[in-house]
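Down below is the structure, laid out as structure tokens.
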Amino acid sequence: MISRIIDERQIDRLRKLLEGSDRIVITCHLTPDGDAIGSSLGLAHVLGAIGKRVTVIAPDAVPKHLRFLPGARDAIAFSSYEEYAAKLLRTADLVFCLDYNEPKRVDRMERALMDSKAPKVLIDHHLNPADFTEVKISHPEASSTSMLVFRVICRLELFDKIDRAAAECIYCGMMTDTGNFSYNSNEPDLYTVIAELLRKGIDKDAIYARAMNTKSLSAMRLNGYAIGEKLELFPEHSCALICLEAADLQRFGYEKGDTEGLVNQPLALPEVQWSVYLREDPEQIKVSMRSKGNFPVNRVCKEQFGGGGHLNAAGGEFKGSMEECVNILKASMTLYDEFLPKK
Ligand code: 5GP
Ligand code: MN
């Protein structure tokens, strides 16, 4: 079986909290990705199977490419049902915080979350978790929160309660946070867990096709345009940059999720160590970064854009114009040359 990495005291506390609770709310971060949704729904299925009344609340809607996951349509978007979601949080006996490390990652839901008197349980793999939960299961070395949720379920002796639906959600999170097991994916336990999930009946190839390899024609053309016309290289800093302005997005009828995975593509170039994608959204510039090796894009995102994330995958938001954002980025590049591999 898989190794035991989670502290027994956290598991004990969680077990006691679960015993005393009936109404459970599971929350995840803003613009939820496959891991946020997969871990939340996976846990929801298992807690539902032991008779709990469980609701998943995300700060905003489940993205289209994840709506096939069992239970996704029952998840509540705080942005659309603010009052109802706040009431659920207020009347919950227990609140889970999955795939985020600090309350501000739930954006406008922060107040409703922090106003809830229910004990909170964090399960997450981002660095530097804040102290805002009674139980803190934080493992930055874990490749996904979904993998941690699987571990927690096993430690609670609920493995038998994982049905096919739960397994699909957990697998989806493990897969998306490792780029279909192409990075952060050398941990042998990962493959033991995948084998167990396959035995629960998942079709991993179908989940990949739905969650990671489905695009509209216009999205495909937008990605082609981005690589063909908008990719800029900064060889002296081993950096690649793609900026998509509002007009670009409009031209290709951009919908949320259409450029998912775009930021990873320049990393295929051997000379590129880190890749930046800037997207002009209506209210801000969305910053997305990916890197290879030890190049800390979480540090760049934090120091330059007040964001954060993981060593090799991070993001942030910039309030201002695209031009200002690009200028900040360009001016800061030399600060991070020290992290490039020696030539
Ligand atoms: P993405 O580029 O896919 O939006 O984000 C990659 C990772 O960076 C996410 O999994 C998340 O950990 C982190 N991240 C993205 N945006 C933000 C942000 O605004 N603030 C923080 N702290 N982390 C972010
Ligand atoms: Mn994650």
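The values are calculated or read from the model by the stated rules, or taken from the named source; none is laboratory data. Predicted model only: the values in this text are computed from it and were never measured. Cβ coordinates were reconstructed from backbone atoms using ideal geometry, including for glycine residues, and neighbour counts include every protein chain displayed.
Filter the range 60-99 down to residues that are among the basic types (Lys, Arg) and either in contact (Cβ under 8 Å) with a residue 12 or more places away in the chain or crowded, with 22+ Cβ neighbours inside 10 Å (or both), then give me how many there are. Step through it out loud before you land on a result.
Kept after step one, since they are among the basic types (Lys, Arg), are these residues of the range 60-99: 64, 67, 73, 87, 90.
In the following step, the residues that additionally are either in contact (Cβ under 8 Å) with a residue 12 or more places away in the chain or crowded, with 22+ Cβ neighbours inside 10 Å (or both) were identified as 64, 90.
Result for the range 60-99: 2.
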Which of the residues spanning the range 1-51 are in a helix (DSSP H, G or I), aliphatic (A, V, I, L, M) and within 20 Å of residue 89 (Cβ to Cβ)?
14, 17, 18, 36, 37, 41, 43, 44, 47
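Counting residues that are crowded, with 19+ Cβ neighbours inside 10 Å and within 16 Å of ligand 2 (Cβ to nearest atom), which helices (runs of 4 or more DSSP H) fully inside the range 100-188 reach at least 3?
Passing ranges, in order: 145-155, 164-176.
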Condition met for residue 170 (touching a residue at least 40 places away in the same chain (Cβ under 8 Å) and more than 16 Å from ligand 1 (Cβ to nearest atom)):
yes
Do we find that residue 138 is under 25 Å from residue 291 (Cα atoms), in contact with a Pro (Cβ under 8 Å, 6 or more places away or on another chain) and modelled with pLDDT of 95 or more in this structure?
yes
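Filtering the range 290-312 down to residues that are part of a strand (DSSP E or B) and at pLDDT 95 or above, which residue is nearest to ligand 2 (Cβ to nearest atom)?
Our first condition is that a residue be part of a strand (DSSP E or B); within the range 290-312, this holds for 290-291, 308-309.
Filter again for at pLDDT 95 or above, leaving 290-291.
Details: 290: 14, 291: 16 Å.
By that ranking, first place goes to 290.
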Pairs where the first residue, in the range 279-295, is charged (D, E, K, R) and the second is within 16 Å of ligand 2 (Cβ to nearest atom), C-beta under 6 Å, 6+ apart:
290/263; 290/264; 290/313
Residues of the range 231-272 being among the charged types (D, E, K, R) and crowded, with 16+ Cβ neighbours inside 10 Å, in sequence order, are 245, 248, 258, 260
So, in the range 199-236, how many residues would count as being in contact (Cβ under 8 Å) with a residue 24 or more places away in the chain, touching a strand residue (DSSP E or B) at 6+ places or on another chain (Cβ under 9 Å) and under 18 Å from residue 267 (Cβ atoms)?
5
